[in-house]
Amino acid sequence: MAFKEGTGVPADSPAHDALHDVVIIGSGAAGLTAALALAEARRVLVLAKGSLTGGSTAWAQGGIAAVLDAGDTFEDHIRDTMVAGAGLNDRDTVEFVIERAPASIDRLCELGVPFNREEHALHLTREGGHSHRRIVHVDDATGWAVQSALLKAAEAHPNITLLPGRTCIDFITDRHREQFSAAGRVWGVYALCEETGRVERHVARATILATGGAGRVYQFSTAPRGATGDGIAMAWRAGARVSNMEMMQFHPTCLYHLEVKNFLITEAVRGEGGHLLHPETGRRFMVDYDPERMELAPRDVVARAIDDQIKRFGLDFVHLDISHQPADFVRGHFPTIYEKLLGLGLDMTRQPIPVVPAQHYTCGGVVVDLQARTDVPGLWAAGECTESGLHGANRLASNSLLECFVFGEAAAQDILARWDTLEAPPAILPWDESRVTDSDEEVVIKQNWTEIRRFMWNYVGIVRTTKRLERAASRIELLKREVEDYYGAFRVTTDLIELRNLLQAAELIVQSALKRKESRGLHYTLDYPALADEAKDTVLVP
Ligand code: FAD
Ligand code: SIN
């Protein structure tokens, strides 16, 4: 098999075989940060499912946390992060990320991200759990500005090839070598070309996973359609440990609307003075749950309070009200949300916004160290698909994009530093389709997908019990057999790949939740309401 070393383009071999220096799976903040850092010395391929802007990065609203104000300190940001994370965070990781935040913001400014400014300084907004104003932002659409700037730089770089429309299926490992080996190193990825239906081999010395979270495992989520936990499931199948998957973050304020199901109302609305109100009495109910921090308590506290109000009073939603602020102030700070709501017939400068909690962020994921290395040789990971130790039992608002920048960079620097010790890839077997046919029952996928998302919402949501978790576990066992049979019999499609991964992610969440015999951060169970003395990660080993 002929490969053209380091070119990143097909050689004399069949068109679906290509050899790259580094393959990155995911074109969000983590993937593109790594690509730009690597591209100074290496040729990089970035693969994305669907479009290049289809991840959560483009949807981020509130902003990026960084200590930039003279009155703020790293120690305060570290403390806020660990208070939100209920002590499950790894202090070394928290320091590592927070101390690198100002440099990450400088880099984004160099790339042209038009952060809001006040006079000459960056404007800092405030979000729940932060003891200072420290969130840099681009109005209420920070993610789109960041995604656009990173993409523009990547598109302009001669060493970066961007390949959208590729759904990665599984890593290429030693067992896919022409000369079989059981060692388990990763050598790139098998990816489905969504247009041709062909499975391609993208082979590389180093592979970086940056596939985002698994939010769509829940019926209601603020995350985009493709957040199906693909990377977490792929890494698990390749032998990587996965940690703290029970720590699923629910954002307190997702718009409640019969047609628009997953529109986030940024936490910055509360940061800029928004109140949460009982929709019938108008009472500011956070006073009953966290009288000191009120609406700016960490997300787990606020989401549980709303869930309690909804269940206790039989409500469909609660109100988020910022109409007491001047209309110009509201329109100026939240232009995207204002326009979106106005289009739905709701004027947030005069009316309260109906909101409900919805799944928002996957705190757990593939275990990585400070170099972004996973357990599997040849595989690095960064961003929401990982568990780096930063977020602990609950992510502090606007710490996620930051983690993507810091760990995307860390992965790139580690690969560059170790380049000469990384072996050149061996010849790899093509994807085996000899025993599969085209599916004749697509309905199975839709049925199972809907079922998983429903029982995860009802049994593995904001408030849990062991009985509900066991019910979810037994549903998963049944579905696993069905999905594996289906996967083994039919040609892969993006929907089938996602269903298989969604189910794997659901299993990891439920198994982790069953292991935790306490309530900590985002994991709240009526059977173990107390906090254990020692904060311990839930680590699952494949
Ligand atoms: P993503 O940006 O999600 O990108 C994942 C990439 O992986 C995509 O390119 C996708 O196509 C690709 N991919 C996935 N599966 C496959 C596959 N099988 N094959 C090929 N490619 C694949 N965080 C903050 O810090 N501040 C905020 O203000 C903020 N607001 C948010 C608002 C919303 C509505 C949401 C949903 C999240 C928000 N977050 C925020 C969280 C933050 O946006 C994400 O955690 C972060 O953007 C994740 O970046 P990432 O690079 O890890 O993954
Ligand atoms: C938000 O804007 O409320 C989301 C911020 C985040 O997820 O960090």
Any chance Ile415 is over 22 Å from the mean Cα position of the chain (by Cα) and surrounded by 14 or more Cβ atoms within 10 Å (Cβ to Cβ): yes
Residue list for segment 53-69, filter: touching a strand residue (DSSP E or B) at 6+ places or on another chain (Cβ under 7 Å) and either near ligand 1 (Cβ under 8 Å from one of its atoms) or more than 12 Å from Leu122 (Cα to Cα) (or both): Gln61, Gly62, Gly63, Ile64, Ala65
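So how many residues does segment 279-303 have that are hydrophobic (A, V, I, L, M, F, W, C) and outside any helix (DSSP H, G or I)? Give the steps one after another, and end with the answer.
Residues of segment 279-303 hydrophobic (A, V, I, L, M, F, W, C): 285-287, 294, 296-297, 301-303.
Then keep just the ones that are outside any helix (DSSP H, G or I); that gives 297.
Residues in segment 279-303 being hydrophobic (A, V, I, L, M, F, W, C) and outside any helix (DSSP H, G or I): 1 in total.
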Strands (runs of 3 or more DSSP E) contained entirely in segment 333-401, each with at least 2 residues that are within 21 Å of Val217 (Cβ to Cβ): 353-362, 365-367
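Just to verify a result, which residue in segment 257-274, among those that are of a type outside the set (A, V, I, L, M) and under 19 Å from Asp316 (Cβ atoms), is farthest from ligand 1 (Cβ to nearest atom)?
Just the residues of segment 257-274 that are of a type outside the set (A, V, I, L, M), to begin with: 257, 259, 261-263, 266-267, 270-274.
Filter once more, keeping what is under 19 Å from Asp316 (Cβ atoms): 257, 259, 261-263.
On the way: His257: 15, Glu259: 17, Lys261: 12, Asn262: 8, Phe263: 8 Å.
The selected residue is Glu259.
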Filtered residue count, segment 267-284, keeping only those that are surrounded by 21 or more Cβ atoms within 10 Å (Cβ to Cβ) and modelled with pLDDT of 95 or more: 4
Answer residue from segment 14-60, given it is surrounded by fewer than 24 Cβ atoms within 10 Å (Cβ to Cβ) and of a type in the set (S, T, N, Q) and is farthest from ligand 2 (Cβ to nearest atom) among those: Ser51
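Suppose we filter Ala182, Ala233 for residues that are hydrophobic (A, V, I, L, M, F, W, C), out of contact with any strand residue (DSSP E or B) (no Cβ under 7 Å at 6 or more places or on another chain) and at pLDDT below 95; which single one remains?
On the way: Ala233 fails: at pLDDT below 95.
It is Ala182.
Scan segment 144-195 for residues that are within 16 Å of ligand 2 (Cβ to nearest atom) and not aliphatic (A, V, I, L, M) and jot them down. Outline the logic, then answer.
Start the filter on segment 144-195 by keeping residues that are within 16 Å of ligand 2 (Cβ to nearest atom), which leaves 144-147.
Once the filter is applied, which keeps residues that are within 16 Å of ligand 2 (Cβ to nearest atom) and not aliphatic (A, V, I, L, M), segment 144-195 yields Trp144, Gln147.
Out of the residues in segment 225-267 that are in a loop (DSSP other than H, G, I, E, B) and touching a Ser or Thr at 6+ places or on another chain (Cβ under 6 Å), state the one that is farthest from Val492 (Cα to Cα).
To start, the set of residues in segment 225-267 that are in a loop (DSSP other than H, G, I, E, B) comprises 225-229, 239-241, 244-247, 256-263, 265-267.
Restricting the remaining residues to those that are touching a Ser or Thr at 6+ places or on another chain (Cβ under 6 Å) gives 240, 244-246, 262, 265.
Values: Ala240: 23, Asn244: 30, Met245: 26, Glu246: 29, Asn262: 28, Ile265: 36 Å.
Within segment 225-267, the match that is farthest from Val492 (Cα to Cα) is Ile265.
Of all residues being under 19 Å from His251 (Cα atoms) and within 16 Å of ligand 1 (Cβ to nearest atom) in segment 70-108, which is modelled with the lowest pLDDT? Just the residue, please. Show your work before the answer.
Looking only at segment 70-108, we keep the residues that are under 19 Å from His251 (Cα atoms), and these are 80-86.
After this cut, where a residue has to be within 16 Å of ligand 1 (Cβ to nearest atom) as well, the list is 80-81, 84-85.
Working: Asp80: 97, Thr81: 98, Ala84: 94, Gly85: 97.
For segment 70-108, the residue satisfying everything is Ala84.
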Some residue of segment 128-143 being over 19 Å from His391 (Cα atoms), away from ligand 2 (no atom under 13 Å from the Cβ) and in a loop (DSSP other than H, G, I, E, B): yes
Enumeration of residues in segment 237-277 that are among the charged types (D, E, K, R), closer than 30 Å to Val368 by Cα and more than 13 Å from ligand 2 (Cβ to nearest atom): Arg237, Arg241, Glu246
Strands (runs of 3 or more DSSP E) contained in segment 144-221 and holding at least 1 residues in contact with a Cys (Cβ under 7 Å, 6 or more places away or on another chain): 166-173, 186-193, 199-209
Tally, over segment 371-409, of residues that are charged (D, E, K, R), more than 12 Å from ligand 1 (Cβ to nearest atom) and either over 30 Å from Asp139 (Cα atoms) or crowded, with 24+ Cβ neighbours inside 10 Å (or both): 3
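Inspect all residues belonging to segment 410-417 and state whether any of them is more than 16 Å from ligand 1 (Cβ to nearest atom), out of contact with any strand residue (DSSP E or B) (no Cβ under 7 Å at 6 or more places or on another chain) and not in a helix (DSSP H, G or I). So that I can check it myself, show each step before the final result.
First, pick out the residues of segment 410-417 that are more than 16 Å from ligand 1 (Cβ to nearest atom): 413-417.
Now restrict to residues that are out of contact with any strand residue (DSSP E or B) (no Cβ under 7 Å at 6 or more places or on another chain): 413, 416-417.
Narrowing further to those that are not in a helix (DSSP H, G or I): none.
There is no residue in segment 410-417 that is more than 16 Å from ligand 1 (Cβ to nearest atom), out of contact with any strand residue (DSSP E or B) (no Cβ under 7 Å at 6 or more places or on another chain) and not in a helix (DSSP H, G or I).
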Pair list, Cβ under 7 Å, 6 or more apart: segment 233-260 residue under 10 Å from Val376 (Cβ atoms), other residue modelled with pLDDT under 95 and outside any strand (DSSP E or B): Gly239/Gly184
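Considering only segment 171-183, how many residues are crowded, with 17+ Cβ neighbours inside 10 Å and over 13 Å from Val23 (Cα atoms)?
4
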Members of segment 309-346 that are out of contact with any helix residue (DSSP H, G or I) (no Cβ under 7 Å at 6 or more places or on another chain), of a type in the set (D, E, K, R) and at pLDDT 95 or above: Asp321, Asp328, Glu339, Lys340
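The values are calculated or read from the model by the stated rules, or taken from the named source; none is laboratory data. The structure displayed is predicted, hence computed values, not measured ones. Here Cβ is always computed from backbone atoms with ideal geometry, including for glycine, and neighbour counts include all displayed protein chains.
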